[in-house]
Amino acid sequence: MGTHVLSGYNLRREVKRRTGARVGRRVDVNDRSLVAGLAKLEAGFEYVQRDVSDLKTELRSLRSEVRADFRLLFGTILTMSAGMVTLIAKAFGAF
C-alpha cells in the first residue's frame, strides 16, 4: 500500500481531478457534503492516532518482555554449559 505526499498545488489538482471541479471554481465552505467529508476524515484520523498510540504501548511492553526472556534464556544456557563442562571433566577424571 503506497502513500503519496502531495504539496498544496498537487493536492488541489488531485481534488479537482477526482471531484470533477472546474479550474477557478470556488468551493462553498458551507457545502454539506464537504463538511460531512471533512468530519469523516477527522474521525478516521483520530482512530488512526489512537491505534498508533496503542501500537507504541504494545511495542514497549513487548520489548521489555523480550529483554526479560533473553536474560532468562542466557542464564539457562550458561548454567547448562557449566554443568556439561563439569560432567565432561568428571568423565575424564579431572576431579
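Structure summary
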quantity	calculated
Near pairs, Cβ below 9 angstrom, 6+ apart or cross-chain, from segment 68-95 (among the aromatic types (Phe, Trp, Tyr)) to any residue that is in a helix (DSSP H, G or I)	Phe95/Thr86; Phe95/Ala89
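Each row is one residue, and each column tells you yes or no for (1) surrounded by 10 or more Cβ atoms within 10 Å (Cβ to Cβ); (2) modelled with pLDDT of 90 or more; (3) assigned to a helix (DSSP H, G or I).
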{"position": "Asn10", "(1), (2), (3)": "yes, no, yes"}
{"position": "Arg13", "(1), (2), (3)": "yes, no, yes"}
{"position": "Gly37", "(1), (2), (3)": "yes, no, yes"}
{"position": "Asp51", "(1), (2), (3)": "yes, yes, yes"}
{"position": "Thr79", "(1), (2), (3)": "yes, yes, yes"}
{"position": "Ala94", "(1), (2), (3)": "no, no, no"}
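The values are calculated or read from the model by the stated rules, or taken from the named source; none is laboratory data. Bear in mind the structure is a predicted one, so any value in this text is a computation, not a measurement. In this analysis, Cβ positions are derived from the backbone assuming ideal geometry, glycine residues included, and neighbour counts consider all displayed protein chains.
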